[in-house]
Amino acid sequence: MSVTILKGTVVSARSLGKLDITENGYLVAENGVITGVFPTLPEQYAGAAVEDHGSALILQSFADLHLHAPQYPMLGMGMDLPLLDWLNAYAFPTEARFADPDYARTIYRQLAHELISHGTTRVCMFSSLHTDATLILMEELEKAGVTGFVGKVNMDRNAAPGLLEETTENSKRETLRWLEACEDFRHVKPMLTPRFTPSCTDELMAFLGRLSAERGLPVQSHLSENRAEMEWVRQLHPDCKQYWETYAKYGLWNSRTIMAHCVWSDARERQAMHDAGVTVVHCADSNQNICSGVAPVRVMLNEGLKVALGSDIAGGDHLDMFDVVAAAIRASKARRVLDGWETDFLTVPEGWYLGTSAGAAYFGEKPGFTPGNTLHAMVVADDALPQPHPLTAAERLERCVYRRQGGAVRAVWSAGRKVYTAE
Ligand code: GUN
Ligand code: FE
């Protein structure tokens with residue numbers, strides 16, 4: 001049996017808004033599965049090797065539940081257009097480059113490294129429509145220690161000539177070829193990914209719905225991100241009262257479905273998400289960058305929806321989830337102002353929960369470092385920041401969220417394995 005014992009200031013998000021803090025504590029895992037967080041080392045582990053991280057913070061690693069891998073090359077650029085124009089001007093041409101497997105290999109290796117070195121160990125990720133590049137992405141993630149789901153994107157209408165599956169048949173065939181090749185992966189699994197309703201014919205949506213049911217595959221897509229997008233969906237599906245129904249009618253709407261954005265989802269659409277157990281992924285940076293709006297994240301939580309966070313690179317401008325947590329908190333405050341101070345904002349512990357435990361819940365994990373969870377953790381050192389006077393662990397966590405500290409993540413464990421150590 002292998003035992004991992006990490007010593008430091010252990011902080012985790014036990015429930016929405018509640019932090020568990022153990023100063024000078026021990027986080028212990030046996031064979032990669034957490035057995036507990038202890039103020040003193042239990043007798044049974046006496047003599048076992050302890051990785052002592054001094055006063056550094058030992059935190060859960062992050063779950064980024066929505067990001068576009070093939071938009072990584074345009075990260076931090078081209079955010080001067082609203083969604084539909086932005087897709088045509090920037091996103092589609094960038095994704096078209098991934099027809100080249102060598103290009104894909106180079107970029108995806110960098111992306112996987114940047115994710116793991118920033119403490120992101122779980123993802124639900126969009127690839128491009130290219131089957132080979134998608135498999136390369138999965139290989140690079142697995143090698144780096146990033147776990148989760150990746151989707152080869154389906155898009156058989158309304159895209160750029162260089163980024164369109166030529167026929168519906170072709171899209172179906174490539175999806176099946178991709179799924180066959182996915183069987184060899186251990187920590188990165190396939191997820192069906194109709195890009196969004198305007199990108200997929202009815203025939204393709206129906207095919208994906210059937211495939212999801214037959215093979216038990218989860219689904220991810222976009223929902224009610226932008227007003228012009230929603231109007232387009234209304235024209236494409238006059239039989240559907242609301243956007244979500246275009247997914248529901250094809251069997252793409254259930255408790256394993258992930259919908260990114262949901263900025264403009266009204267009470268009825270939110271109720272439909274609640275009833276089906278759909279997970280909303282809030283992407284605050286992206287929503288601001290491409291002028292989509294400010295999602296009512298607090299209202300969704302109050303209504304009992306499942307909500308997690310996504311960087312949504314490259315609509316989002318950072319894959320650092322500390323930043324994504326801060327952006328979500330800021331967005332909730334903007335929403336409060338827009339709502340006439342009627343809604344609450346997210347506190348730091350709540351934002352932290354969304355970036356960690358809420359995302360991990362999608363993978364069947366209990367909140368925080370609950371015994372039985374797989375070890376997904378990181379060591380974060382804030383000793384490069386000024387130490388003006390003694391700070392509480394909660395204050396230190398807050399400061400990590402708000403202050404961008406390059407290199408603060410010193411070590412990362414994913415699926416029970418140590419996968420990163422800072423040089
Ligand atoms: N909707 C359809 N495709 C995309 C995309 O690539 N990014 C975002 N933000 N929204 C989308
Ligand atoms: Fe997106």
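The values are calculated or read from the model by the stated rules, or taken from the named source; none is laboratory data. Please read all numbers here as calculations on a predicted model, not as lab measurements. Heads up, the Cβs are rebuilt from the backbone with ideal geometry, glycines too, and the neighbour counts pull from every protein chain shown. Ligands, DNA and RNA are stripped out before the accessible areas are found, and what is left, the full protein with its side chains, is counted by its heavy atoms. Shrake-Rupley method; radii C 1.70, N 1.55, O 1.52, S 1.80 Å.
Projecting label points 7 angstrom from Cα along Cα→Cβ for Trp341 and Phe185 puts them 4.9 nm apart. The charge dipole of the chain, taken about the Cα centre with unit charges on the Cβ atoms of Lys, Arg (+1) and Asp, Glu (-1), comes to about 580 debye, rounded to the nearest 20. Remark: the range 86-244 carries 38 Å² of accessible area per residue (probe radius 1.4 Å; ligands, DNA and RNA excluded). Cross-link partners of Lys249 among lysines, defined as those whose alpha carbon lies under 22 angstrom from its own and excluding same-chain residues fewer than eight positions apart: Lys152, Lys172, Lys241, Lys306.
Within the range 331-423, the chymotrypsin sites (Phe, Trp or Tyr not before Pro) that combine a DSSP coil assignment with at most 11 other C-beta atoms in a 10 angstrom radius are Trp341. Excluding residues fewer than 8 places away in the same chain, name every one of the aspartates and glutamates whose C-alpha is closer than 13 Å to that of Lys7. By straight Cα distance, Lys7 reaches Glu23, Glu51, Asp52.
By how many nm would the segment from Ala160 to His274 lengthen if fully extended, with 0.36 nm per residue of separation less the alpha-carbon distance? Don't skip to the answer; put the middle values down first.
Details: separation 114, 0.36 × 114 = 41.04 nm, distance 3.47 nm.
In short, 37.6 nm is gained.
Partners of Lys333 within straight-line reach, counting aspartates and glutamates whose Cα lies under 15 Å from its Cα and excluding those fewer than 8 residues away in the same chain: Asp285, Glu342, Asp344, Glu350.
So if each residue of separation counts as 0.36 nm, and I subtract the Cα-Cα distance between Leu391 and Ala228, what length gain in nm does that give?
54.0 nm
Just reorder Glu180, Glu365 by solvent-accessible area, largest first, 1.4 Å probe, all chains present.
Working: Glu180 135, Glu365 35 Å².
The ordering from most to least exposed comes out as Glu180, Glu365.
Value of Rg to Rh for the chain, rounded to two decimals, is 0.97; Kirkwood radius and Rg both from alpha-carbon coordinates.
Give me the orientation-averaged projected area of the Cα convex hull of the range 300-423, in nm², one decimal.
Details: hull surface 39.0 nm².
Hull-based average projected area comes out at 9.7 nm².
Working from label points 7 Å from Cα in the Cα-to-Cβ sense, the Glu43 to Arg215 distance is 5.2 nm. Using only Cα coordinates, the Kirkwood hydrodynamic radius of the range 332-373 works out to 11.7 Å. Only helices reaching 30 angstrom along their own axis (Cα) with mean Kyte-Doolittle hydropathy no lower than 0.5 count here, and not one DSSP H run of the chain does. Among His282, His237, His222, the largest mean-square fluctuation in a Gaussian network model of the chain (Cα springs under 10 Å) belongs to His237. Placing R0 at 25 angstrom, the Cβ-Cβ distance between Thr370 and Asn302 gives a FRET efficiency of 0.55 after rounding to 0.05. For the range 68-82, the residues whose amide N sits under 15 Å from a probe point set 7 Å from the Cα of Cys291 along the beta carbon direction are 78-82.
Here the range 105-172 has an Rg and Dmax of 13.4, 40 Å, counting Cα atoms alone. At 0.692 mPa s and 37 °C, plugging the Kirkwood radius over alpha-carbon pairs of the range 359-405 into Stokes-Einstein gives what diffusion coefficient in µm²/s? D, rounded to a whole number, is 253 µm²/s. Ranking of Val281, Val337 by solvent-accessible surface, largest first: Val337, Val281 (1.4 Å probe, protein heavy atoms only, all chains present).
Determine, for each peptide in 318-324, 377-383, the mean count of other beta carbons within 10 angstrom over its residues, then list the peptides with the highest first.
Numbers: 318-324: 23.6, 377-383: 21.7.
Ranked from most to least packed, the peptides come out as 318-324, 377-383.
According to the Cα-based calculation, Rg over Rh for the range 34-88 is 1.33, with Rh computed by the Kirkwood formula. When the chain is treated as a Gaussian network with alpha carbon springs shorter than 10 Å, the biggest mean-square fluctuation among Arg105, Arg215, Arg122 belongs to Arg215.
In debye to the nearest 20, how big a dipole does the range 101-243 give about its Cα centre with +1 on each Lys and Arg Cβ and -1 on each Asp and Glu Cβ? Write down the numbers at each step before the final one.
Numbers: 17 positive and 21 negative charges, 77 e Å.
In total the dipole reaches around 360 debye.
The modelled label-to-label distance between Asp102 and Lys143, using points 7 Å beyond Cα along the C-beta direction, is 1.6 nm.
Assign one of three labels to the range 131-279, namely rounded, prolate or oblate, based on the Cα gyration tensor with a ≥ b ≥ c the square roots of its eigenvalues; rounded applies when a/c is under 1.5, prolate when it is not and a/b is larger than b/c, and oblate otherwise. Let's see the in-between values first.
Working: a/c = 1.85, a/b = 1.41, b/c = 1.32.
Prolate.
Subtracting the Cα-Cα distance of Arg403 and Met77 from their residue separation scaled by 0.36 nm leaves 115.2 nm.
Here the average projected area of the convex hull drawn through the C-alpha atoms of the range 211-325 stands at 7.4 nm².
The trypsin sites (Lys or Arg not before Pro) found in the range 219-313 that occupy coil by DSSP, while having at most 12 further C-beta atoms within 10 Å, are Lys241.
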